[in-house]
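Taking it in order: structure first as structure tokens, then the write-up.
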Amino acid sequence: MRLLIFPLLLLAASISFAAEITSKEINLRKLHQRYVKAGYSTLDLPEFNKRIAFSGVVIGGSSRGFNRGPDSANGSALLKAGVAGSENELVRMVARDAANEAHMGTLTVGSAFRATCTVAFASGTGYIPLQDCVFR
């Protein structure tokens, strides 16, 4: 029995990692429109507490000091993002780890990026909070 558990755990981890890499990109603008339609709550979104892949554009904040303090979760840096051609803040992102936070810090306003994040809980905010973000 023990010999079977390790390969199964390894397989589950591999499948999870592969799903993160190959997941279809979500249109950030459409996700935000559904969030607004849901009454500014992520609880009614099928993406809630799930990993999503998307492309975006930096509109503010970074680990270079823009948003340390009350807006950032647990003192982590925050990145405000939207879509090309718009200055509207659609999401706020927190990196998964120090390496991704360092990458986030290299992004400047107007920089395009691709990331995979988990949709976090929100109620009443104009933006969707994303956590555990990995930049691709």
Net lengthening on full extension, S76/R96 (0.36 nm per residue, minus Cα-Cα) | 6.2 nm
Apply the Karplus parameterisation 6.51 cos²θ - 1.76 cosθ + 1.60, with θ equal to phi minus 60°, to every residue of the range 117-126 and state each ³J(HN,Hα) to the nearest whole Hz, in sequence, with x for glycine and proline.
-> 9, 9, 6, 8, 6, 8, 8, x, 8, x
Roll a 1.4 Å probe over the protein heavy atoms and report the accessible area of E89 in Å², nearest 10.
-> 50 Å²
Please sort 28-35, 121-128 by packing, taking for each peptide the average over its residues of neighbouring beta carbons within 10 angstrom, highest first.
-> 28-35, 121-128
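The values are calculated or read from the model by the stated rules, or taken from the named source; none is laboratory data. Here the structure is a predicted model, which is why all the values come from computation and not from measurement. Note: ideal-geometry Cβ built from the backbone for every residue, glycine included; neighbour counts use all protein chains shown. Areas reflect the complete protein model, heavy atoms only, side chains present, ligands, DNA and RNA absent. Shrake-Rupley method; radii C 1.70, N 1.55, O 1.52, S 1.80 Å.
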